[in-house]
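Novice: What follows is a structure written as structure tokens; I'll ask about it next.
Read-outs: derived from the displayed coordinates by stated rules, not from any lab. If you're wondering where the values come from, they're calculated on a predicted model, not measured in any experiment. Please note: Cβ atoms are built from the backbone with ideal geometry, for glycine as well, and neighbour counts cover all protein chains shown.
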Amino acid sequence: MQGIIFNLLEEIVTRDLGADTWDDLLDGAGLDGVYTAFVNYPDDQLLSLVSVAAGALDKPESDIIRWFGQNAIPLLAERYANFFTSCENTRAFLLSLNDIIHPEVRKLYPDADVPDFDYEASNPEFLILRYTSSRQICALAEGLIMGAGSYFDEKITLEHGTCVHKGGDTCEFKVTCN
Ligand code: HEM
């Protein structure tokens, strides 16, 4: 996972829970906390930080990841404004994820290993996204989708149908935006 993802986590934890909490998470996970943009770090490090946070806050790991994703969106919107301002609403933003946003991310960060999304967009009432990734961090996708809804000031209903953690081949999200 790219260093910028760890930098975002550090920024959010420090802002909302304090610098001491970030240090505690690093200590608990046995990590030194030096994360540099453009460098890949083992995914296990992110998952260890999440696991220590889940234990400390007595919450499921998936809640921590969702919270991270949701809070990451406003920071991503500050840093990569074009991805957001070029879209009229959440639906258009989500539809740009696979063809524009993540391919552009790969140009900026050539070592990035971004997930793959495919869509079913025939019904204007809702959008189906299917998420495929060797990492299987569907809670992060959920948090990012909800964060995008907040960014565009829309009420999002997100139904997570099939899930790789429950025997599915892929994770399917039905997203309704109002
Ligand atoms: C709702 C919108 C988005 C969703 C659902 C989404 C989903 C994800 C997920 C689930 C991952 C984890 C990696 C994996 O599963 O393989 C990821 C990685 C990443 N995404 Fe997105 N993303 C979104 C928007 C963005 C935006 C706006 C950016 C802007 C820069 C971005 C940049 C990245 C980067 C840098 C990674 C790390 C890749 C790596 O470490 O190799 N994403 N994304």
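Novice: Kindly evaluate residue 61 against the criterion of being more than 10 Å from the ligand (Cβ to nearest atom), out of contact with any Leu (no Cβ under 9 Å at 6 or more places or on another chain) and not hydroxyl-bearing (Ser, Thr, Tyr). Quick ask: steps written out before the conclusion?
Specialist: Working: more than 10 Å from the ligand (Cβ to nearest atom): yes; out of contact with any Leu (no Cβ under 9 Å at 6 or more places or on another chain): no; not hydroxyl-bearing (Ser, Thr, Tyr): yes.
So residue 61 does not fit the description; no.
Novice: So residue 71 ticks every box in (1) touching a residue at least 12 places away in the same chain (Cβ under 8 Å); (2) within 10 Å of the ligand (Cβ to nearest atom); (3) within 14 Å of the chain's Cα centre (by Cα) but one. Which box is left unticked?
Specialist: (2)
Novice: Can you work out which of the residues in region 94-148 that are more than 10 Å from the ligand (Cβ to nearest atom) and in contact (Cβ under 8 Å) with a residue 40 or more places away in the chain is surrounded by the most Cβ atoms within 10 Å (Cβ to Cβ)?
Specialist: 127
Novice: Given (1) of a type outside the set (Asp, Glu); (2) more than 22 Å from residue 80 (Cα to Cα); (3) crowded, with 16+ Cβ neighbours inside 10 Å; (4) more than 7 Å from the ligand (Cβ to nearest atom), identify the lone condition not met by residue 152.
Specialist: (2)
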